[in-house]
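First up is the structure itself, then whatever we jot down about it.
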Amino acid sequence: MLVEVARISELAPGGLKYVKVHGREIVLCNCDGKIFAVDNRCGHMNAPLNMGTLEGYYLTCPLHSVQFDVRTGEALNRPLYHYSGEEEAQTPPENFDNFPNWYSVLSEHIATCDLKTYRVVVEKASIKLEIKDE
């Protein structure tokens, strides 16, 4: 079933737009005039991808910098962490001082899944998505 989700004028080149369709959170991506649609939640820790950045065909998660190819939904890298602590924390910290290190070590063991993609149809000024019952 094709569902109208936005107008082309609502999505500038290089822009992202969040839409919710039949209970699904989707982000529209305008890659130099070609529109793609993928699940809005990161395949690593569920961060909202519409708050990330789009460069060419690559959508970067705002939380851990995982990049996805919006043409295929493929995760292109592992999460990147910004904490550079010296020790590897294997147990929850007793105080907050060591929390970033513990969180980074734990998060590295969470899988990163590819994103679901949606077929996009642009008719005149309308962006439509093919939504299939699952």
| message | Can you order the peptides 35-44, 68-77 by their average number of other Cβ atoms within 10 Å per residue, highest first? | response | 35-44, 68-77
| Which FRET efficiency, nearest 0.05, do Tyr18 and Ser65 yield, Cβ-Cβ r, R0 25 Å? | 0.80
| In terms of modelled amide H atoms, which long-range or inter-chain residues lie less than 5 Å from the amide H of Thr53? | Thr60
| the range 1-69 - Rg over Rh from alpha carbon coordinates, Kirkwood radius | 0.95
| note | Amide H proximity to Arg41 below 5 Å, modelled H, separation 5+ or other chain, gives Leu49
| query | For the pair Glu74 and Val3, what calculated FRET efficiency results from E = 1/(1 + (r/R0)^6), where r is the Cβ-Cβ distance and R0 = 25 Å, to the nearest 0.05? | reply | 0.55
| Using θ = phi - 60° and Karplus 6.51 cos²θ - 1.76 cosθ + 1.60, couplings along the range 111-119 (whole Hz; Gly, Pro as x) | 5, 10, 9, 5, 9, 6, 10, 10, 6
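Coordinate-derived values only; no laboratory data. These numbers come from a predicted model, not from an experiment. A quick note on method: Cβ atoms are made from the backbone with ideal geometry, for glycine too, and the neighbour counts reach across all protein chains shown.
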